[in-house]
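Trainee: The structure is given below, and queries will be raised subsequently.
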């Protein structure tokens, strides 16, 4: 956001004080530091996709380890995506303060859906988990859904007609 | 501080003047053991201060300042087509890039070394499991080891030796 014009003498005073305090640092940066710096690139590493845990044979330790590292990277990526959605929603709430309940509902819905999906995949696994435990969680969830219907609709009792 | 401690020899001159006239006949030595409190901690403090300041803080500050001013951090950019970046080009600060390039192994090397290691360990685990199972069976059946093949048969060697002797008798040498 660009600097707003000072509305009165108090704001002008504080703006001036801030400018005086920042001026030496800004001068050093613009005259001494930036001309001497070289510009060269750094890149964001892209990893190749390897077979996931469900495509590995049970006695293939190497495949397990590669799938596990890929799982950890994917979990980090998903956590970061969730953080971004959360930041978006919170910024919206802070900006729209009095009428945030109406304005921020789509962002809120998006964030809630993302949280639910994250929890379905990664939640409740404990601190010392790996790709295999996550895969087993999915298996148990699918079995439960086969017996009792979608998650959230309650368990059916053992008495079946 | 380094300068002042080297001027200490100059202090020795003032002690020789303060002596009484009656006992200043130098006929024998009078060596005195001056009982003073220990100056060990103070000396050690000075040593440590010199060490960490001159060999630690000042070189590090100089190196980091030069790295930030004359080289500067990198700019994030897209990977160009057909180019495989080196493993140190994935870091931003020049000091980190230096450490990653010259001091540490590449992450890919470590990863592949670990994969090889766990593969060999898994092979050993399978062998140990098999031997344990064999021992268990031997114990269960009161049995013993018997190999199911003989690696070398002497019969064919004997046959060919006999043929060679016969040929030698026909042909001579």
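Trainee: Among residues belonging to the stretch B:91-105 that are assigned to a loop (DSSP other than H, G, I, E, B) and within 12 Å of chain A (Cβ to nearest Cβ), point out the one that is surrounded by the most Cβ atoms within 10 Å (Cβ to Cβ).
Mentor: Once the filter is applied, the top-ranked residue is B:91.
One line per residue, one yes/no per condition, for (1) in a helix (DSSP H, G or I); (2) surrounded by 10 or more Cβ atoms within 10 Å (Cβ to Cβ); (3) not assigned by TED's automatic domain parsing to the domain that holds residue A:131:
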position: A:6; (1), (2), (3): no, yes, yes
position: A:10; (1), (2), (3): yes, no, yes
position: A:15; (1), (2), (3): yes, yes, yes
position: A:24; (1), (2), (3): yes, no, yes
position: A:29; (1), (2), (3): yes, yes, yes
position: A:63; (1), (2), (3): yes, yes, no
position: A:67; (1), (2), (3): yes, yes, no
position: A:70; (1), (2), (3): yes, yes, no
position: A:75; (1), (2), (3): yes, yes, no
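Trainee: Given the criteria in contact (Cβ under 8 Å) with a residue 60 or more places away in the chain, assigned to a helix (DSSP H, G or I) and more than 22 Å from residue B:112 (Cβ to Cβ), does residue A:54 qualify?
Mentor: It is true that residue A:54 is in contact (Cβ under 8 Å) with a residue 60 or more places away in the chain, assigned to a helix (DSSP H, G or I) and more than 22 Å from residue B:112 (Cβ to Cβ).
Trainee: OK, next. Residue A:40 passes all but one of (1) within 30 Å of residue B:72 (Cβ to Cβ); (2) within 12 Å of chain B (Cβ to nearest Cβ); (3) surrounded by fewer than 10 Cβ atoms within 10 Å (Cβ to Cβ); which number fails?
Mentor: (3)
Trainee: Looking at the stretch B:117-163 only, could you name the residues that are within 14 Å of another protein chain (Cβ to nearest Cβ) and more than 30 Å from residue A:45 (Cβ to Cβ)?
Mentor: Listed by number, the residues that qualify are B:123, B:124, B:125, B:126, B:127, B:129, B:130.
Trainee: Read through the list (1) touching a helix residue (DSSP H, G or I) at 6+ places or on another chain (Cβ under 8 Å); (2) within 30 Å of residue B:72 (Cα to Cα), then give the number of the only condition that residue A:110 fails.
Mentor: Failed condition: (2).
Trainee: If residue B:114 meets every condition in (1) free of Cβ contacts under 8 Å to residues at least 12 places away in the same chain; (2) exposed (fewer than 11 other Cβ atoms within 10 Å of the Cβ); (3) part of a helix (DSSP H, G or I); (4) within 13 Å of chain A (Cβ to nearest Cβ) apart from one, which number is that one?
Mentor: The number of the failed condition is (2).
Conditions tested, residue by residue: (1) modelled with pLDDT under 95; (2) in contact with a helix residue (DSSP H, G or I) (Cβ under 6 Å, 6 or more places away or on another chain); (3) loosely packed, with under 13 Cβ neighbours inside 10 Å.
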{"residue": "A:83", "(1), (2), (3)": "no, no, yes"}
{"residue": "A:95", "(1), (2), (3)": "yes, no, yes"}
{"residue": "A:98", "(1), (2), (3)": "yes, no, yes"}
{"residue": "A:101", "(1), (2), (3)": "yes, no, yes"}
{"residue": "A:114", "(1), (2), (3)": "no, yes, no"}
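The values are calculated or read from the model by the stated rules, or taken from the named source; none is laboratory data. All values derive from a computational prediction rather than experimental measurement. Cβ atoms come from the backbone with ideal geometry, glycine included; neighbour counts cover every protein chain shown.
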